[in-house]
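Novice: Sharing a structure here in structure tokens format.
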Amino acid sequence: MIDINFLKGYTQRLQDSIDAIHFNKVIVDDSQMIRFLEDRSKHDNHLLFCVIPDFNPDGKNVDDLQFKADTMFLVLNKTSYSEVNHDEFLNIMQETLLTATAIKEKMIADKFDYSAAGCMYMKQLNAQSIRITPIWAKAECNGWSVEFNFDS
């Protein structure tokens, strides 16, 4: 199982290594995210949320049973729709895509970092499971989700 303290530390590590990220929190669901968004302004962008994973069984029997930790990062830009036209919206999507791509690249680099400073859990990342999906108008935010899983 993936440790919650690891997720908290790794989310901070992503913020520390990617200049565009100005806020991060580990959350359970949208209702928790919305509470944190209430205190954020568009000047805090880009916002990074790590969703605590579901643990789903994988295997044919008890002998080869493993659990996949399905989780995601949300890279969001709080947006005031009355102030944004379509071209500005597309710029937000482009900028947050660059941040989502930087997260993906950092995750893959950490998977193969075998140094003492490397991340133990990132070795379990299924790199082929990484999916980047657009988000539109989620709690007054736009951006991308970076979905992935771990073998645990």
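The values are calculated or read from the model by the stated rules, or taken from the named source; none is laboratory data. In this text the structure is predicted, and so the values were computed from the model without any measurement. In this analysis, Cβ positions are derived from the backbone assuming ideal geometry, glycine residues included, and neighbour counts consider all displayed protein chains. We work out accessible area using only protein heavy atoms, side chains counted, and drop any ligands, DNA or RNA first. Shrake-Rupley method; radii C 1.70, N 1.55, O 1.52, S 1.80 Å.
Novice: Ignoring ligands, DNA and RNA, please state the percent of accessible area on the range 14-152 from carbon and sulfur, probe 1.4 Å.
Specialist: The C+S portion of the solvent-accessible surface of the range 14-152 is 52 percent.
Novice: I need the peptides 100-110, 66-76, 137-147, 34-44 ranked by packing, meaning the mean over residues of other C-beta atoms within 10 angstrom, with the highest value on top.
Specialist: 66-76, 137-147, 100-110, 34-44
Novice: How far apart, in nanometres, would the label points at V84 and F6 be if each is projected 7 angstrom from Cα along the Cα-to-Cβ direction?
Specialist: 3.3 nm
Novice: How big, in percent, is the set of alpha carbon pairs in the range 37-141 lying more than 19 Å apart?
Specialist: The proportion of pairs with Cα distances above 19 Å equals 56 percent.
Novice: Sticking with the crude label model, points 7 Å out along Cα→Cβ, report the distance from E147 to D64 in nm, one decimal please.
Specialist: A separation of 2.5 nm, rounded to one decimal place.
Novice: Quote the relative contact order of the chain in percent (integer), defining contacts as alpha-carbon pairs under 8 Å separated by 6+ residues.
Specialist: Relative contact order for the chain comes out at 24 percent.
Novice: Something else about it: Return the subset of K25/K60; K42/K123; K8/K42 for which the Cα-Cα distance in this structure is over 31 Å, preserving the input order.
Specialist: As for pairs spanning more than 31 Å Cα to Cα, those are K25/K60; K42/K123.
Novice: Let me ask something additional. For the range 1-84, divide the Cα radius of gyration by the Kirkwood radius and give the resulting Rg/Rh value with two decimals.
Specialist: 1.11
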